[in-house]
Amino acid sequence: MSPIVTRYSGNPVLKPSDMPLEECSAVYNGGAIKHNGEYIMLLRTEDAAKKIFVYSARSRDGYHFTPEPEPLKFIADDMEKYKKYTDNSFYDPRINIVEGKFYISYAAYTFKYGCRIGLGVTEDFKTVKHVSFPHHVQNRNAVIFPEKFDGYYVMLHRAENTGGGHMWISRSKDLEFWGDAEIVADKGSGRWDAIKIGAGSPPVKTAKGWLVITHAVTSSCAGHYYTAGAMLFDLKNPYKLIAHSRGAIMRPEASYETNGFVPNVVFPTSAILEDDGMLKIYYGAADNYECLAEAKLDDILNFCDRV
Ligand code: BMA
């Protein structure tokens, strides 16, 4: 097992039978925050037909979560246009706290057009009001920095394979029009991230830089293999990647990570830094379960080499 992270002994923190959805087949890739001492998580939840719903769940200790009875509603001023690019299929939500507001970035999917990033805002974690589709299709895994830089919001996102599977960065004055897109981290620094690399958690501020827990994908004869890594971005200039983990901080090892709907997947989607310097990393396991691993922030930083 990884020397850097320790899996929560009560994993999974949420499993399909915990969810209020009838015939639930999977619950995973949950975006989580800690707000006023409470943990709030948004979860990709699937029924028997693999139709996706996003449920919220709350916890007082970060280990035991209680799901809300109803899924989130996604609304927009122009519902017709909105539905064209979502088909009621929203997944892998991240909660980005920016200027005190809760922005939800998620993958908006339609069978016909593919996947693009959806951005919404919520106050109650029951209704998400559409803000924008920041990029065209073939983009997902977006996270937003908690602070603005020179008046700009800044987003990390991952282009699909047609865009190379690299991690991109772009910025916006108003959260609606995004530009200045650049590749900020290339896939393929080693075999472990040869296929794709993308943001997992929204950035966490540390003394050494903005920490982002990432996913990295390689492939084998048995298919794709998803691990978790870490990156540090310059505190003043997020377009500058300053350090990258030498390899995976966590790879599929536990039975709930190596067996499931998609075997051999750990997919981090949030990281919460506690006052004692421990990081809670929430992640999807095998596209089936929501899990938790903990690590000392210093151990992760020490495993990051400057680039
Ligand atoms: C990625 C996304 C995730 C999923 C992962 C592993 O490309 O689709 O939602 O968890 O693959 O299957």
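The values are calculated or read from the model by the stated rules, or taken from the named source; none is laboratory data. Since the model is a prediction, treat every value here as computed from it, not as a measurement. As a convention, Cβ positions derive from the backbone with ideal geometry for all residues, glycine included, and neighbour counts pool all protein chains shown. Only protein heavy atoms, including side chains, enter the accessible area calculation; ligands, DNA and RNA are left aside. Shrake-Rupley method; radii C 1.70, N 1.55, O 1.52, S 1.80 Å.
Sparsely packed loop sites in the range 120-191 (the chymotrypsin sites (Phe, Trp or Tyr not before Pro) outside DSSP H, G, I, E and B with at most 13 other Cβ atoms within 10 Å) comprise F177. When only the Cβ of Lys, Arg, Asp and Glu is charged (+1, +1, -1, -1), the dipole of the range 1-56 relative to its Cα centre reaches about 240 debye.
Counted by Cβ distance under 12 Å from M79, the other residues give a net charge of +2, where Lys and Arg count +1 and Asp and Glu count -1. Using a cut-off of 13 Å between beta-carbons, work out the net charge of the residues near H157 (Lys and Arg +1, Asp and Glu -1, H157 not included). With Lys, Arg at +1 and Asp, Glu at -1, the net is +2.
Residues H166, H215, H136, ordered by accessible area of protein heavy atoms at a 1.4 angstrom probe radius and largest first, appear as H136, H166, H215. Can you give the helix-only mean residue ellipticity at 222 nm for the chain, where every DSSP H stretch with n ≥ 4 adds -39500 (n - 2.57) and the sum goes over all residues, rounded to the nearest 500 deg cm²/dmol? The helix contribution divided over the chain gives -1000 deg cm²/dmol.
Charge tally for P12 (other residues, Cβ to Cβ under 9 Å; Lys, Arg +1; Asp, Glu -1): -1. Each distinct pair of alpha carbons in the chain adds a 1/r term; the inverse of their mean, the Kirkwood radius, is 19.0 Å.
Computed from the C-alpha gyration tensor, the three semi-axes of the ellipsoid equivalent to the range 1-159 are 25, 21, 16 Å, from longest to shortest. Reported to the nearest whole Å, the Cα centre-to-centre distance from the range 199-217 to the range 18-97 is 22.
Pairs with C-alpha atoms separated by more than 32 Å, drawn from the list K81/K148; K236/K296; K84/K126; K15/K236; K15/K81, are K15/K236; K15/K81.
Protection proxy ranking for 274-280, 94-100, using the average of other Cβ atoms within 10 Å per residue and placing the highest first: 94-100, 274-280. Rounded to the nearest 20, the Cβ-based charge dipole of the chain about its Cα centre (Lys and Arg +1, Asp and Glu -1) stands at 620 debye. When the Gaussian network model of the chain links Cα atoms closer than 10 Å, the mean-square fluctuations of I117, I52, I213 top out at I52.
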